[in-house]
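Student: Input: one structure, supplied below.
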Amino acid sequence: MTAGVAGLSVVDLREVALGFGDDCLVLSHRLAEWTTHAPELEEEMALANLALDLLGQARSLLTLAGEADGRDEDQLAYWRDDRDFRNLLLVEQPNGDFAVTMTRQLLFSTFQELLYRWMVTGTEPRLAAIAAKGVMEARYHVEHARLWVQRLGGGTEESHRRMCRALDLLWPYTEELFEPTESWSRAADQGAVPPLSSIEEPWRHSIESLLVDSGLEIPGFPAWQSGGRLGRHSEHLGHLLAEMQHLHRSHPNASW
Amino acid sequence: MPPTNSDESRNLAFQQAIDADRTVEPRDWMPERYRSTMIRQIAQHAHSEIIGMQPEGNWITRAPSLRRKAILLAKVQDEAGHGLYLYAAAETLGVGRGELTELLITGRQKYSSIFNYPTQTWADVGAIGWLVDGAAITNQLALTKTSYGPYARAMVRICREESFHQRQGFELLSELSRGTVAQHEMAQDAVNRWWWPALMMFGPPDTESPNTAQSMAWKIKRVSNDELRQRFVDMTVPQAQALALDLPDPQLRWNEARGHYDFGPIDWEEFRQVVGGHGACNAQRIAVRRAADEDGAWVREAARAWEVRQNSRTSAA
Ligand SMILES: [Fe+2]
Ligand SMILES: [Fe+2]
């Protein structure tokens, strides 16, 4: 293996960037699905903002991931199949109702903000640069999701019931957030990314205190779903990719 | 109630202010018909921005490159922003967004009929940006001088963004036109389908446009439908040549004497059908808007309930 910057191998850098980049790309797609369906116009704008931020991050991360073998962002986004995607299962879960979407955002963005905050001072300069920009965006995403979780948790009986259901639905997918791949562990040893175990406690604390404030609680069962980072996805991802990729693949040598 | 002397004198003063090119502001006295005409026009414009998100939104998840996806997503978001400014402008005349949305989804207010055509291919995104946003700019530039202040100011802000959209649409089509054979055909097909509906966006010919005279006197409308349409054609023909795409009108040619392009007759029967609810997508567009409104009701209600509780908590503290 070739040694990259700061002793991080090209393969490990690629895997880490790909995992992150796919998280952003897939979640951006899900958020974009809300277009014209949002509960109010202000939220139409906010969801598009979130989708745009994540798409921007995805493009930077996929560009970085593709450097090793000369593939650009579009080749990575449009020409890989389900088994080669490295995103978390959480972000590919369907939008459901607005409570599901905001819960998913809370769980993911809290995780992402913690990672970015750490990576800003990490040893891999390109990851650090992406994190420096992303951390501001993630902060806003977290705030937006927290405000809605509070409103829905403490709003009406119906919104409270929907929030409980959303938490039950998505909680199983939180296990995977803190499971490092082999590449991740090596990147953490090099100081490019944090050890995931160091993020878990602050993540849990942040989520738990919000839920308590909102009259909600962390589900009483353990999380168990995982496999996304290794390319073992739910059935949902294949459909998402079919939609995202079909036009690009129908015109193999075209530029757009 | 019969008109009183003071009504007459207020009407007169109102018209004099308009004639002197003073803008009408929310607190000014205005004739009831001016107010209702303005509400109807601003609401219709706001609805068009919001319904207009659907045909283009249809392609966001399938955009063929990440760069184009980002541009399209940002554009559709801009349109939501335009809708928001315009509903806010309507609010200065005393009608709320909720009330206007209700009028839209029950079919009592209209939106631009162009959005009742389907976007079948990716090239339609480019054709809408180039032609539909292009026609919208032509209309809206004239409206930056409309007599109602909040509407005129909203138009200034909106026009800046619309001209970005128009350029992006042009650029998208230009890439397709210079691309593969299949891409070029896709672009030509889209222009063939969108050209005539774009010309219809300016409304019926002046000879059949009943509202025009009063709207002109009040300077709500400052340029006639036919004149705007001609401006749009004159601006667009050279752009089509630059794109190497044909406009689907065999009668289109430069008229040296008039100093304008001549163009063929518009199928006003098609226009009446679409405005009357028989376009390809009328029912679909309203159904989507209605579903968003209904499905979001519990969310808005929760936000209101939470707000009330927060306020009572702070006032109790
Ligand atoms: Fe607009
Ligand atoms: Fe526009």
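Student: How charged is the neighbourhood of A:GLU208? Take every other residue with its Cβ under 11 Å from the Cβ of A:GLU208, and add Lys/Arg as +1 and Asp/Glu as -1.
Tutor: -2
Student: Ok, one more. Can you tell me how the protein assembly as shown classifies by the Cα gyration tensor, rounded, prolate or oblate, using a/c under 1.5 as the rounded cut?
Tutor: oblate
Student: OK, next. Taking H as built 1.01 Å from N, whose amide H comes closer than 5 Å to the amide H of A:SER9, not counting residues under 5 places away?
Tutor: Counting only residues 5 or more places away or on other chains, the set is A:GLY4.
Student: Right, another one. Might you work out the accessible area of B:MET186 for me, using a 1.4 Å probe with all protein chains in place, and round it to the nearest 10 Å²?
Tutor: 30
Student: Another one. In whole Å, what three semi-axes, largest first, describe the equivalent ellipsoid of the stretch A:1-158 built from its Cα gyration tensor (square root of 5 times each eigenvalue)?
Tutor: 30, 17, 12
Student: Using a cut-off of 15 Å between beta-carbons, work out the net charge of the residues near A:ASP53 (Lys and Arg +1, Asp and Glu -1, A:ASP53 not included).
Tutor: +1
Student: Determine the shielding of peptide A:98-106 by partner chains: average, over its residues, the number of Cβ atoms on other chains within 10 angstrom of each Cβ.
Tutor: 1
Student: Label chain B by shape, choosing from rounded, prolate and oblate, from the square roots a ≥ b ≥ c of the eigenvalues of the Cα gyration tensor; if a/c is under 1.5 it is rounded, and otherwise prolate applies when a/b is larger than b/c, oblate when it is not.
Tutor: Cα axes put chain B in the oblate bin.
Student: Kirkwood Rh over Cα pairs of the stretch B:158-317 into Stokes-Einstein at 37 °C, 0.692 mPa s: D in µm²/s?
Tutor: Estimated via Stokes-Einstein, D reaches 164 µm²/s.
Student: In deg cm²/dmol and to the nearest 500, what is the mean residue ellipticity at 222 nm of chain B if only DSSP H runs of at least 4 residues count, each as -39500 (n - 2.57), divided by the residue total?
Tutor: It lands at -21000 deg cm²/dmol.
Student: Which trypsin sites (Lys or Arg not before Pro) does the stretch B:217-299 hold that lie in a coil by DSSP with at most 10 other beta carbons within 10 Å?
Tutor: Those satisfying the criteria are B:ARG258.
Student: I'd like the chymotrypsin sites (Phe, Trp or Tyr not before Pro) in the stretch A:75-145 restricted to DSSP loop residues with at most 13 other Cβ atoms within 10 Å, sorted by number.
Tutor: The qualifying sites are A:TRP79.
Student: Rolling a 1.4 Å sphere over the protein heavy atoms, what is the accessible area per residue of the protein assembly as shown, to the nearest Å²?
Tutor: Heavy-atom accessible area per residue stands at 43 Å².
Student: Determine the sum of side-chain charges near A:HIS141: Lys and Arg each +1, Asp and Glu each -1, restricted to other residues whose C-beta is under 14 angstrom from that of A:HIS141.
Tutor: Residues close to A:HIS141 contribute a combined charge of 0.
Student: Only Lys, Arg, Asp and Glu count, each charged at its Cβ (+1, +1, -1, -1), so figure out the dipole size of the stretch B:88-194 about its Cα centre, rounded to 20 debye.
Tutor: 380
Student: Here is a follow-up. Hey, got the average number of other protein chain Cβ atoms within 10 angstrom for residues in B:287-297?
Tutor: 3
Student: Which shape class applies to the stretch B:107-178: rounded if a/c is under 1.5, otherwise prolate when a/b exceeds b/c and oblate if not, where a ≥ b ≥ c are the square roots of the Cα gyration tensor eigenvalues?
Tutor: oblate
Student: Also, I was wondering about something else. To make sure I understand the rule: partners must be lysines, Cα under 27 Å from the Cα of B:LYS110, and not fewer than 8 residues away in the same chain. Which ones qualify?
Tutor: Here the lysines satisfying the reach criterion relative to B:LYS110 are B:LYS75, B:LYS145, B:LYS219, B:LYS221.
Student: Next question. Mean residue ellipticity at 222 nm from the helices of chain A, using -39,500 (n - 2.57) per DSSP H segment of n ≥ 4 over the full residue count, to the nearest 500 deg cm²/dmol?
Tutor: -21500 deg cm²/dmol
Student: Let me ask something else. What GluC sites (Glu not before Pro) does the stretch A:183-249 have in DSSP loop regions with at most 16 other beta carbons within 10 Å?
Tutor: Filter output for the stretch A:183-249: A:GLU217.
Student: Which whole number gives the average, over all residues in A:245-251, of C-beta atoms from other chains lying within 10 Å of the residue C-beta?
Tutor: 4
Student: If you split all Cα-Cα distances of the stretch B:202-288 into 5 Å bins from zero, what percentages do you get per bin, shortest first?
Tutor: The calculated distribution, bin by bin, is 3, 11, 16, 17, 17, 18, 13, 5, 1, 0.
Student: Within chain A, which whole H helices from DSSP have a Cα span along their axis of at least 18 Å and a mean Kyte-Doolittle hydropathy of -0.5 or more, if any?
Tutor: Helices meeting the span and hydropathy rule in chain A are A:10-32, A:41-66, A:98-119, A:125-153, A:196-213.
The values are calculated or read from the model by the stated rules, or taken from the named source; none is laboratory data. Because the structure is a prediction, the values reported are computed rather than measured. Note that each Cβ is placed from the backbone with ideal geometry, even for glycine, and that neighbours are counted across all protein chains shown. Note: areas computed on protein heavy atoms with side chains; ligands, DNA, RNA excluded. Shrake-Rupley method; radii C 1.70, N 1.55, O 1.52, S 1.80 Å.
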